[in-house]
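Notes to accompany the following structure.
Laboratory data are not the source of any read-out in this text; all were calculated from the coordinates shown. Given the structure is predicted, the values throughout are model-derived calculations rather than measurements. Counting neighbours? That spans all protein chains shown, and the Cβs are built from the backbone with ideal geometry, glycine included.
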Amino acid sequence: MKTRKNVYHLQDDTLAWYSRAVEEMKTRDINDPTSWWYQGAIHGYATYPQALTFWQDATGYPPSPQTVDSGFWNRCQHGTWYFLPWHRMYLFYFEQIVAKAISDMGGPSDWTLPYWNYCEAFNTSASASEQDQALQLPPEFGSSQGPNADFQALWIKDRRNYVLKKRNVNPWPAMNETEFTNGTGEICFGGGVTGFAHSGSQTGQLESLPHNVVHTDINGAMGNPDTAALDPIFWLHHANIDRLWQVWLDQGDRHNPTINAWRNFRFKFHNAEGNPVDMVVKETETTQQLGYVYTPDFPHSTTATPRRTLPAMDVVGASPASFALTDHMSPLNLEMVPKPSRNARLKAASLAQGQKKRTVLRISNVTGKGPASPIDVFITNRDGEEGNDENFVGCIGLFGLQNASTPSVESDGSGLNFAIDVSETIDKLRQRDDWDEEKIALQLIPQSQHENDVEINVGRVSLHSEIDD
């Protein structure tokens, strides 16, 4: 049984061999299934300017039409209940290809992919220095000044940030959910029910945060599904997401889907010899099935507080119209459903002791283009109140914005959709002396100023609460 380890706990030459393998794989032709370029294109490939700046460096570029249309490229699953199993398969075969390259160069025969546990920043048992370190890209991956001289191949141009913001790696909104999926498209851990979805709209909480937000925080190649897997840090990021899925299951009272539509779905890849292979989802339900485990790490399987299964909900208020998202938008007043027509209230219902009424904010049909930074989301009941720690509800990453906004065989072009559990923030706001359920405002603020080529439009924002008995 292989063991994948925390990158900051390594005491060997794992990253040195990884760098050498990346360098070797980059020399291989883009049409070679074991090349760095082909492996990246399995996740996503495109030739518009933002993507081409990375792809034009590929050995043997441009790829042959037969390779592009082979059915092995542009296969990543996003906004779907297949997000987690597909990426587990992807990492499994990638790890085999890298390990063979290392072995062929005379390296260790048991190389395994490490993971980057940025979630350690939320570990209250860790020291302040350990929490800060967890947010930093490992130094072997270079800096804004350029590559680390001893690990040249682990650097890539145009990364925006080398230190993540703490709020962008919060594991709890996902880990506290108890349902992997549900048939209503409501908030859940693993994503909504879909078919093959290269750019779906049923995003689960783990995919939303920390997955999407980390992608857009680092940005550059990582900020775009069509180039993300060209960044060597991509694979350590996804190893951590894969680990969190296993930790979520190990908490107990949490289960993967049991229906055949999920368990029997099949995806195809190439193995270490470059031969076509396929795998079904039911072969990936635990890491042990694929012959590996992760070192125990935060969050542990006993540290999550489960939320109640999401009850029936109804809209309380919504934005009156679509709007463009600028670098600093003023608070947007929601139009509240008239009381006689309202089936739900924000006021606490009579629940069992210790339980709180659940309230969910939906941000729907987000369309646009360009390398958008993460977006902070705030909610308030006070006129003119700007976003602050008290009214912060979460952040979203617009990973795949351009693909989701472009009608195609894979997408209807209606954009990205997000759901954030805002129950705790609403509960805090209700303690204010000036609380007024009829006056709710929302604010979306990008974490950094956007370039001129970034466009973001929000179709609708709506606030939902439990239907009153």
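3J(HN,Hα) couplings calculated from phi for the range 375-391 with the Karplus curve 6.51 cos²θ - 1.76 cosθ + 1.60 (θ = phi - 60°) are, in sequence order, 10, 7, 10, 10, 9, 8, 10, 10, 4, x, 6, 7, x, 8, 4, 6, 10 Hz; Gly and Pro show x.
Working note: Karplus 6.51/-1.76/1.60 with θ = phi - 60° gives the range 408-414 the couplings 7, 4, 8, 8, 7, x, 7 Hz, where Gly and Pro are set to x.
Between the Cα long axis of helix 14-26 and the first principal axis of the chain there is an angle of about 70°, rounded to the nearest 10.
Can you give the log10 of the normalised intensity I(q)/I(0) at q = 0.19, 0.21 Å⁻¹, computed with Debye over equal Cα scatterers of the range 102-166? Calculated log10 I(q)/I(0) at the listed q: -0.86, -0.94. Once Rg and the Kirkwood radius are both taken over the C-alpha atoms of the range 393-453, their ratio Rg/Rh works out to 1.12.
For the chain, rounded, prolate or oblate, judged on the Cα gyration tensor with a ≥ b ≥ c (square roots of eigenvalues), a/c < 1.5 rounded, else prolate if a/b > b/c? Prolate, since a/c reaches 1.5 and a/b exceeds b/c. Per-residue ellipticity at 222 nm computed for the chain from its helices equals -6000 deg cm²/dmol, with DSSP H segments shorter than 4 residues left out and the rest contributing -39,500 (n - 2.57). Please work out the FRET efficiency for the pair T326 and S109, using the Cβ-Cβ distance as r and a Förster radius of 56 Å; give the result to the nearest 0.05. After rounding to 0.05, the efficiency reads 0.55.
Let me check I've understood the local charge: for E24, count other residues with C-beta under 12 angstrom from its C-beta, Lys and Arg +1, Asp and Glu -1. What total comes out? Computed value for this residue: +1. Each of P33, I440, V98 was scored by the projection of its Cα onto the charge dipole of the chain, and the greatest displacement toward the positive side belongs to I440; charges sit on the C-beta of Lys, Arg, Asp and Glu. Separation between the H300 and D383 pseudo-spin-labels, each 7 Å from Cα along Cα→Cβ, expressed in nm? With each label point 7 Å from Cα toward Cβ, the separation is 5.2 nm. Across the chain, C-alpha contacts under 8 Å between residues 6 or more apart give a mean separation that, scaled by the residue count, equals a relative contact order of 18 percent.
Taking the range 196-220 and a reference point 7 angstrom along Cα→Cβ of S448, the backbone N atoms nearer than 11 Å belong to 216-220. Taking the Kirkwood radius as Rh and the Cα radius of gyration as Rg, the range 182-221 has a ratio of Rg/Rh equal to 1.04. The angle between the Cα long axis of helix 83-104 and the main principal axis of the chain comes to about 20°, on a 0 to 90 degree scale. Seen from every direction in turn and averaged, the convex hull around the alpha carbons of the range 313-466 projects onto 10.2 nm². For a paramagnetic label modelled on E390 (point 7 Å from Cα along Cα→Cβ), amide N atoms under 20 Å away belong, within the range 422-459, to 422-445.
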